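Chemist: My questions all concern the structure below.
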Amino acid sequence: MSAGPHASIADALIARLRGRVVVVGIGNPLFGDDGAGCALAQALARVPGLDAVQAEDVPESYVAKLADGAPDVVMLVDAVDLGAPPGSVAVLGPEEMARYQPSTHRVPLGLIAEFVRRESGADVLVLGIQPGRVQLCAAMGPEVRRAVESLAALIREWAAARDTPTAREVAEC
């Protein structure tokens with residue numbers, strides 16, 4: 001699944017979100033588009049009902065904390081070379097990560113995802129964003145910035161709708 005965060009990506013992502021969701025931003029903000037995961041975690045930091053962690057380039061340092069927090073869903077967000085245009089997005093399972101290029105952090109993302117899933121019982125997904133510019137002191141490219149903003153809006157909308165009581169819940173009061 002790739003292309004920008006359009007309908008199929010939005011549907012795939014929303015279908016996986018439920019209960020207590022932890023968003024883990026991974027990457028190095030000093031390297032342009034590599035900071036996409038951190039930018040999304042930062043954009044979601046104050047969203048009620050979500051936990052956002054900026055793990056930067058040491059996500060392995062947060063694994064035990066993630067597993068102990070009893071999340072329902074852990075979403076690892078990172079720049080991933082999908083072989084697609086910059087700003088393209090894919091919703092991946094940990095088992096799919098082996099198909100993609102090694103990441104810029106020490107421990108492979110698939111291994112981190114598998115450990116969190118095994119230790120916490122959470123549904124773990126990887127939200128991969130195709131980088132364009134990955135150079136020291138580069139600004140995030142406009143395509144990646146737009147993808148981050150679209151994803152943040154989508155996840156905020158999901159969180160707001162989840163917190164809004166349904167007509168049935170109101171009637172039961």
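Chemist: For Ala64 and Ala153, compute 0.36 nm times the residue count separating them, minus their Cα-Cα distance, and round to one decimal in nm.
Modeler: On the way: separation 89, 0.36 × 89 = 32.04 nm, distance 2.88 nm.
Extending this stretch completely gives an extra 29.2 nm.
Chemist: Counting only the heavy atoms of the protein chains, how much of Arg156 is accessible to a 1.4 Å probe, in Å² to the nearest 10?
Modeler: Result for Arg156: roughly 100 Å² accessible.
Chemist: Let me ask another. So if I take the alpha carbon set of the stretch 5-63, get Rg, then get Rh from the Kirkwood formula, what is the Rg over Rh ratio? Walk me through the numbers before you get to the answer.
Modeler: Numbers: Rg = 12.4 Å, Rh = 12.3 Å.
Rg divided by Rh gives 1.01.
Chemist: Describe numerically, in nm with one decimal, the distance between label points set 7 Å from Cα along Cα→Cβ at Glu119 and at Arg145.
Modeler: Those two pseudo-labels are separated by 3.6 nm.
Chemist: Then there's this: Of Asp11, Asp57, Asp78, which has the most accessible area with a 1.4 Å probe, and how do the rest follow in descending order?
Modeler: Working: Asp11 105, Asp57 60, Asp78 0 Å².
These residues rank, largest area first, as Asp11, Asp57, Asp78.
The values are calculated or read from the model by the stated rules, or taken from the named source; none is laboratory data. None of these values were measured; they are calculated from a predicted model. Positions of Cβ are generated from backbone atoms using ideal geometry, with glycine treated the same way; all protein chains shown enter the neighbour counts. What goes into the accessible areas is simple: the full protein's heavy atoms, side chains included, and nothing from ligands, DNA or RNA. Shrake-Rupley method; radii C 1.70, N 1.55, O 1.52, S 1.80 Å.
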